[in-house]
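To start, the structure under review is shown below, and the notes come after it.
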Amino acid sequence: MKTTIDTIIEKLDGLAPRIALVLGSGLGGLVDAIEDPIRFPYEELEGFPVSGVSGHAGELVAGTINGKPVFILSGRAHYYEHGNANAMRPALELLKGLGVEHLILTNSAGSLRDDMPPGSVMMLTDHINFSGTNPLIGEETDDRFTGMTSAYDTQMCGALESAATEKDIALHKGVYMWFSGPSFETPAEIRMARTLGADAVGMSTVPEVILGRFLGLKCAACSVITNYGAGMTGSELSHEETKEMAPIGGKRLQTILVKAIGDIA
Ligand code: HPA
């Protein structure tokens with residue numbers, strides 16, 4: 001028996017988060033910052049992704065951070081796992097149904113900028129969907145023509161910037177380009193991405209922002225930089241390297257998020 005929205009509301013016992021965070025792989029530390037966590041394994045939730053990059057499915061956790069009720073989606077499905085850009089739709093629809101209005105996405109990404117080394121944190125100001133797909137393909141309502149002019153919410157971005165300033169952490173701003181993965185980019189693709197105006201490359205987040213905007217959620221997103229883009233240094237990229245580096249910028253991002261959450265929603 002899958003847990004229904006009514007059962008979740010009952011278990012929340014009056015807790016009514018208006019903000020939700022999606023944690024990228026290697027950025028799970030924020031779950032430990034949740035006070036009085038109430039956990040819902042993905043296996044028990046209808047339509048939630050059943051496998052993840054780290055090998056286990058993940059969980060929806062509710063609780064408070066910095067005094068603010070929050071949901072955290074720890075673990076996400078990537079397009080490259082099954083070729084389904086829509087994989088996170090049931091999860092985001094559930095959050096919407098539970099009253100969420102603000103969505104913060106996190107990811108790890110490759111830097112295209114010499115002044116943004118591994119360990120940096122970048123707030124997305126915009127994105128380029130270079131995957132050739134879109135999670136709204138097949139959606140039949142006219143809502144599929146979702147406007148993306150203000151995909152990243154000004155107020156939420158302002159709260160993240162203020163939090164970073166207050167905590168004295170450098171928060172870069174830039175454009176994230178979504179490649180489908182799972183192979184990393186070639187040096188030529190990285191040169192192209194730089195020419196086209198991207199500051200970072202990654203394999204997630206964009207479909208969720210598109211779905212979030214489709215559902216009427218206000219969105220913000222941050223990347224933890226784990227490596228320079230292919231060809232920018234002499235060395236080959238590896239998943240191990242990105243996993244190793246994620247917690248370093250992840251700690252910085254966590255500090256920013258804990259502060260910002262208090263000021264959003
Ligand atoms: N490319 C794509 N996705 C990534 C990278 C990268 O260099 N680093 C972390 N995620």
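The values are calculated or read from the model by the stated rules, or taken from the named source; none is laboratory data. Everything quoted here is computed from the prediction, not taken from an experiment. In this analysis, Cβ positions are derived from the backbone assuming ideal geometry, glycine residues included, and neighbour counts consider all displayed protein chains. Side chains included, ligands, DNA and RNA excluded: accessible areas come from the protein's heavy atoms. Shrake-Rupley method; radii C 1.70, N 1.55, O 1.52, S 1.80 Å.
Worth pointing out:
- Exposure rank, largest accessible area first [D199, D13; 1.4 Å]: D13, D199
- Each residue, T7 and E166, gets one label point 7 Å from its Cα in the Cβ direction; the gap between the two is 3.8 nm.
- Between amide H atoms placed 1.01 Å from N, distances below 5 Å from A221 occur with L105, L124, all of them 5 or more places distant or on a separate chain.
- Remark: relative contact order (the range 11-99) = 34 percent; criterion is Cα-Cα distance under 8 angstrom and separation of 6 or more residues.
- Note on exposure: D115, D126 ranked by accessible area (1.4 Å probe, complete protein assembly) read D115, D126, with the most exposed listed first.
- Using a simple spin-label model with pseudo-atoms 7 Å out from Cα toward Cβ, D115 and S150 lie 2.9 nm apart.
- In a fully extended conformation the segment linking V50 and H82 would gain 10.4 nm over its present Cα-Cα distance, using 0.36 nm per residue.
- The largest accessible area among S180, S150 belongs to the first residue in S150, S180, and the rest follow in falling order (1.4 Å probe, all chains).
- For a straight C-alpha distance cut-off of 24 angstrom, the lysines reachable from K68 (same-chain residues fewer than eight places away being disregarded) are K11, K96, K167, K218, K251, K259.
- Database remark: amide H of Y228 closer than 5 angstrom to the amide H of S111 (H placed geometrically; neighbours at sequence offset of 5 or more, or on other chains; Pro and chain starts carry no H).
- Pairwise label distance in nanometres, D36 with T64, each label 7 Å out on the Cα-Cβ vector: 0.6 nm
- Loop-located GluC sites (Glu not before Pro) across the range 70-158 with a Cβ neighbour count of 14 or fewer within 10 Å are E140, with loop assigned by DSSP.
- For the range 202-216, backbone phi angles converted through the Karplus equation (6.51, -1.76, 1.60; θ = phi - 60°) give residue-by-residue couplings of x, 10, 8, 6, 4, x, 6, 5, 4, 5, x, 5, 4, 7, x Hz, Gly and Pro being listed as x.
- For S25, the amide hydrogen comes within under 5 Å of the amide hydrogens of S108, counting only partners 5 or more places away or on other chains and with H modelled in the peptide plane.
- Simple point charges give the picture: +1 on the Cβ of Lys and Arg, -1 on the Cβ of Asp and Glu, and for the range 143-258 a dipole about the Cα centre of about 240 debye.
- Highest GNM mean-square fluctuation among L196, L60, L94, for the chain modelled with Cα contacts below 10 Å: L196.
- Gaussian network model of the chain, springs between alpha carbon atoms under 10 Å - residue of G132, G249, G110 with greatest fluctuation: G132
- In the chain, helices alone account for a calculated mean residue ellipticity at 222 nm of -8500 deg cm²/dmol, with every DSSP H run of four or more residues adding -39,500 (n - 2.57).
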